[in-house]
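Written below as structure tokens is the structure these notes are about.
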Amino acid sequence: MKQAIIGRIDKNETINLLQEYIKIPSVSGEEEKLAKAIHETCKRIGMESIIDRHGNVISTYKWEKSGPKLACNAHLDTVGIGEGWTFNPIGGEISDDKIYGRGAIDDKGQIVPQIIATKAIIESKVELSGELVLCHVVEEEVQNVSRKGTVKMLQDGFKADMAINGEASELYIQLVCGGMLEIQITTLGKRAHGSNPEYGINAIRNMCKVISKLDKLQPGYNKYTGYGSIVPGVITGGERSSVVPDMCELKVSRFTVPGETGTMFYSQVLGIIERLKLEDPNFGARAELLYDSNPSIVSENAEIVQKMSYALKDVFGSKHPIVFKGTPQHDDADFLTNMAGIPTLIFGAGKNSVAHMPDEYVSIDELINATKVYAMAYYNILS
């Protein structure tokens, strides 16, 4: 039966569907046209599908026998196209067995395997138990938790027994996603003419002191993701070089690993400010936590992980070793795991390093193999 299901996965159909979706631009906030296309595809293959009030496409297939509810999550939106492309960013062009275009890997190249694998399962008429739900959500790419489609879906009461979050993982099972937070630090000074700097307090020099202290902090470590990171990413300050600046602002991002929280780092920043105030009575600064999201982790022994491991063996045998990994980047596994308590792993075709880049692509081989693995995961979990 497993080989019969895999045999129903049509390579050309899979490629054509991804090309169709790449040709529909879906930058965050502009996903409606893509949502309608996916909605129609899922209805056509025999699923019940709705577009919810947030713009998420929720497509369901239920078997007669009761059983677990498996959710497969992936996001509709992409980042902007940007400059530097040598291929048409909305062309879905094929070259050297790769499909190019914005969203090819992040995340349309994860949506398509979920859908085509579902089609193969339905067409095989295999008797499974339970429920399969494809959740294709809006605004994952935005740095605002309240706008994220997965968060809104969960706030509306969505539940599942286990989940696969579709993100590029090079066909490895990822157990961890990193958390991400952003803090804005403002140092305060006193204006003065540049020829008499002794009459002023230089806010940029004070920010340099803060950055020096930040550089001495040691991020946490996780065996699946490695070390977290601290990135001073945006700095503004001063009016002109002949004036001592009275204000400087820094946005710093912190990528966390399981066991760390945004509050922990925020407390460290406040501690740095207080110590600098003790060292220099003229030092003034404040900090604000702008954005906070959490890392996720699922156990190697969780049912979803074990059944996904069997799926990889079904497709690759011993050719693709079962090595558990993680991603330092943040994704919706956070909300599925931490908000809803759904054991969630991360899986998908391709390398995350090409996401958001010019000439974003997915390997056709990985696209097809990811589809096969999804089909076997559905079978193993719901049989």
query = What do you reckon, is residue 294 polar (S, T, N, Q), assigned to a loop (DSSP other than H, G, I, E, B) and more than 30 Å from residue 349 (Cα to Cα)?
reply = no
key: All positions within region 190-212 that are of a type in the set (Val, Ile, Thr) and within 10 Å of residue 283 (Cβ to Cβ)   = 201, 210
message = Quick check on my filter: what residues within region 331-354 are buried (at least 22 other Cβ atoms within 10 Å of the Cβ) and not in a helix (DSSP H, G or I)?
response = 331, 332, 342, 344, 345, 346, 347, 348, 349, 350
query = Looking only at region 150-166, which residues are among the hydrophobic types (A, V, I, L, M, F, W, C) and either under 15 Å from residue 139 (Cβ atoms) or more than 16 Å from the chain's Cα centre (by Cα) (or both)?
reply = 151, 153, 154, 158, 160, 162
Test for residue 230: is it in contact (Cβ under 8 Å) with a residue 12 or more places away in the chain, assigned to a strand (DSSP E or B), open to solvent by 80 Å² or more (accessible area, probe 1.4 Å) and aliphatic (A, V, I, L, M) = no
ask   = Is it the case that some residue within region 317-331 is within 16 Å of the chain's Cα centre (by Cα), closer than 17 Å to residue 161 by Cα and not aromatic (Phe, Trp, Tyr)?
value = no
ask   = Before we move on, is residue 94 in contact (Cβ under 8 Å) with a residue 40 or more places away in the chain, farther than 30 Å from residue 126 by Cα, surrounded by fewer than 24 Cβ atoms within 10 Å (Cβ to Cβ) and touching a strand residue (DSSP E or B) at 6+ places or on another chain (Cβ under 8 Å)?
value = yes
ask   = Is it the case that region 100-111 has a residue that's assigned to a strand (DSSP E or B), touching a residue at least 40 places away in the same chain (Cβ under 8 Å) and open to solvent by less than 10 Å² (accessible area, probe 1.4 Å)?
value = no
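The values are calculated or read from the model by the stated rules, or taken from the named source; none is laboratory data. Quick caveat: nothing in here was measured; it's all calculated off a predicted structure. Positions of Cβ are backbone-derived with ideal geometry, glycine not excepted, and every protein chain shown enters the neighbour counts. Heads up: the accessible areas ignore ligands, DNA and RNA and are worked out on the full protein's heavy atoms, side chains in. Shrake-Rupley method; radii C 1.70, N 1.55, O 1.52, S 1.80 Å.
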